[in-house]
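No value in this document is a laboratory result; all are computed from the given coordinates. Quick caveat: nothing in here was measured; it's all calculated off a predicted structure. Cβ atoms come from the backbone with ideal geometry, glycine included; neighbour counts cover every protein chain shown.
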Protein chains: 2
Amino acid sequence: MTKKSERRVDALSKQGIIDAAIGILDSDGEAALTFRALAARLMTGAGAIYWHISDKDELLVAAVAHVVGRALRNVAESNDARGAIRALLLGVFDAIEAHPWVGTQLAREPWQPAMGHVFEGIGSRLAASGVPASRQFEAASALVNYILGAAAHRAAAARALPRGTDRTAFLGSVVARWVGDDIGAYPFVHSVAGQLRDHDDRAQFLGGIDLILAGLDWQIVT
Amino acid sequence: MTKKSERRVDALSKQGIIDAAIGILDSDGEAALTFRALAARLMTGAGAIYWHISDKDELLVAAVAHVVGRALRNVAESNDARGAIRALLLGVFDAIEAHPWVGTQLAREPWQPAMGHVFEGIGSRLAASGVPASRQFEAASALVNYILGAAAHRAAAARALPRGTDRTAFLGSVVARWVGDDIGAYPFVHSVAGQLRDHDDRAQFLGGIDLILAGLDWQIVT
DNA sequence: AATTGCATGGAACAATGTTCCATAATTAGC
DNA sequence: GCTAATTATGGAACATTGTTCCATGCAATT
């Protein structure tokens, strides 16, 4: 029989717990991250986890910081300042695409440290690209809002398409639910239904970024 | 003694339940909306509610649809097509400011009917303002992403500032947590810390909209 | 060697969304 | 007008969750 409360050889640690949480989130989704599942994966009890971590919120914030931090460190350097902004935002986008729960968490808690890093990354690159100081805050905020919305969107998409579900069919059903039997009330949705079903998310994301950056150029010129 | 399961004179109804839910959400916040609180407010049991509504998700979706629908109906008409877009987006923004839980719910479930209405409203006004058909979908998507990010942001702000908390102090503490003791790592955040603390959310929101609309004009011209 | 603090893990607790069910009031069928 | 079926009701019961408590033993310090 096993003695109670033995000291483990592979000691628990905050980082180990975070890694296990990320593993669960990635493989089984956001709903699967429970303290019981986490305890099972770490072969311990729920109480032991709480000695290293104060609550689930801290765990999620740390997991997001881990993923976003890595994404930001891997952003390629670029001589072109505008290209650097695009690279940064695409890096975050790709990280969310690979770990959709990150999108949910960023949208739920936008003031967590990871958002500070993103904001700093955007703002410093805006400054480097010649945006006047008076416009940097507004531009960086707009880009952060935009990426936050995209994050929420991607996370919801991943939740709705759990296992290689047919994306086109799902988006088609979304349009059908919206429009219902009253096509007349949704002329625009109806006219872009095809694009809605078949568009490339990454290209669309980048298109929005370019729209904002183009607006910045325009405002600077005038 | 009370007989069991009498029929009420003021019959329960889906709309009545939704109204009660909105009342709780508005006055006591998102965390306060439980089926027990709802049952208490309606002077019934949890089971009775489930006869009218399938689950909490449907309730929240209906509550959001109610608030957003009213906001969209109250958007002022405008001869100026660009002004009409601004008016629509500001209407949604103000509705979220008045009912911050709407922001949380839109971010969690971006494919709910309310988002369809917003998307349609934006798109049809873009079309009316002369945006070529080939760019309407991208532009509308960008604006939807932007407003979704702003919605998540405003909801989080309301959650963090429960009762006339000092907004400036809170935002200052956010910056302090981000930067920590390493100012050198956050030159941009440090440089805009003042604006972050004191900015006007509504003006900032509108600024982002104008940035995107300006980008649209620029892309159309070139 | 004794004491103090660190860590562990399982049991217990409170809260939540949801389901079940006994029971009435209402409606439909004859 | 009676009976059967349907519509509503509301409270109890259930499963699951995050979290707290606590008995236990290991490690370091005195």
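With the convex hull built on the Cα atoms of chain B, state its orientation-averaged projected area in nm². Can you show the working numbers first?
Numbers: hull surface 68.0 nm².
Projected area, direction-averaged: 17.0 nm².
With the crude spin-label approximation of a point 7 Å out along Cα→Cβ, what separation in nm comes out for B:LYS56 versus B:ASP200?
Modelled inter-label distance: 3.8 nm.
Assuming a ≥ b ≥ c are the square roots of the Cα gyration tensor eigenvalues, decide whether the range A:8-53 counts as rounded (a/c under 1.5), prolate (otherwise, with a/b larger than b/c) or oblate. Walk me through the intermediate numbers first.
Details: a/c = 1.96, a/b = 1.65, b/c = 1.19.
It is prolate, given that a/c is not under 1.5 and a/b is the larger ratio.
List the distances, in nm and shortest first, from the label point of B:GLY172 to the matching label points in every other copy, placing each point 7 Å from Cα along the Cα-to-Cβ direction.
Distances between equivalent label points, in nm: 5.8.
Sort the range B:122-222 into rounded, prolate or oblate with this rule: let a ≥ b ≥ c be the square roots of the eigenvalues of the Cα gyration tensor; rounded if a/c is under 1.5, and if a/c is not under 1.5, prolate when a/b is larger than b/c, oblate otherwise. Can you show the working numbers first?
Working: a/c = 3.21, a/b = 2.00, b/c = 1.61.
It is prolate, given that a/c is not under 1.5 and a/b is the larger ratio.
Ratio of the protein assembly as shown's C-alpha Rg to 2.2 N^0.38 Å, to two decimals?
Details: Rg = 23.3 Å, N = 444, 2.2 N^0.38 = 22.3 Å.
Taking the Cα Rg and dividing by 2.2 N^0.38 Å, one obtains 1.04.
At a 10 angstrom cut-off on C-beta neighbours, averaged per residue, how do the peptides B:163-172, A:97-106, A:141-150, A:33-42 rank from highest to lowest?
Ranking the peptides B:163-172, A:97-106, A:141-150, A:33-42 by packing returns A:141-150, A:97-106, A:33-42, B:163-172.
What are the aspartates and glutamates whose alpha-carbon lies under 16 Å from the alpha-carbon of B:LYS56, with same-chain residues fewer than 8 places away excluded?
B:ASP19, B:GLU30, B:GLU109
How many nanometers, to one decimal and shortest first, lie between the label point of A:GLY184 and those of its other copies, if labels sit 7 Å from Cα toward Cβ?
Result, one decimal in nm: 6.9.
Across the residues of A:167-176, average count of Cβ atoms on other protein chains within 10 Å? Before the final figure, lay out the partial values.
Numbers: counts 0, 0, 0, 1, 1, 0, 1, 6, 2, 0.
Neighbouring Cβ atoms belonging to other protein chains average 1 per residue here.
Hey, got the dipole for the protein assembly as shown? About the Cα centre, +1 on K and R Cβ, -1 on D and E Cβ, debye to the nearest 20?
Details: 44 positive and 48 negative charges, 260 e Å.
That gives a dipole near 1240 debye.
To the nearest whole number, what is the average tally of beta carbon atoms from other chains within 10 Å of the beta carbons of peptide A:112-122?
4
Which whole-Hz ³J(HN,Hα) couplings does the range A:8-23 yield from phi under the Karplus relation 6.51 cos²θ - 1.76 cosθ + 1.60, θ = phi - 60°, glycine and proline marked x?
These are the phi-based 3J(HN,Hα) values: 6, 6, 8, 4, 5, 8, 4, 5, x, 5, 4, 4, 5, 4, 4, x Hz.
Along Cα→Cβ at 7 Å, what distances in nm separate the A:ASP80 label point from those on the other copies, shortest first?
3.5
When every alpha-carbon pair in the range A:1-87 is counted, what percent end up more than 15 Å apart?
On the way: 2408 of 3741 pairs.
Here the long-distance tail beyond 15 Å is 64 percent of all Cα pairs in the range A:1-87.
So for the pair B:MET43, A:THR165, with labels modelled 7 Å out along Cα→Cβ, what separation do we get in nm?
In this crude label model, B:MET43 to A:THR165 measures out at 4.2 nm.
Per residue of B:202-211, count partner chain C-beta atoms within 10 Å of its C-beta, then hand back the mean as an integer. Intermediate results must be reported in sequence, preceding the final value.
Numbers: counts 0, 1, 5, 3, 1, 7, 10, 2, 4, 15.
Mean number of neighbouring Cβ atoms from other chains: 5.
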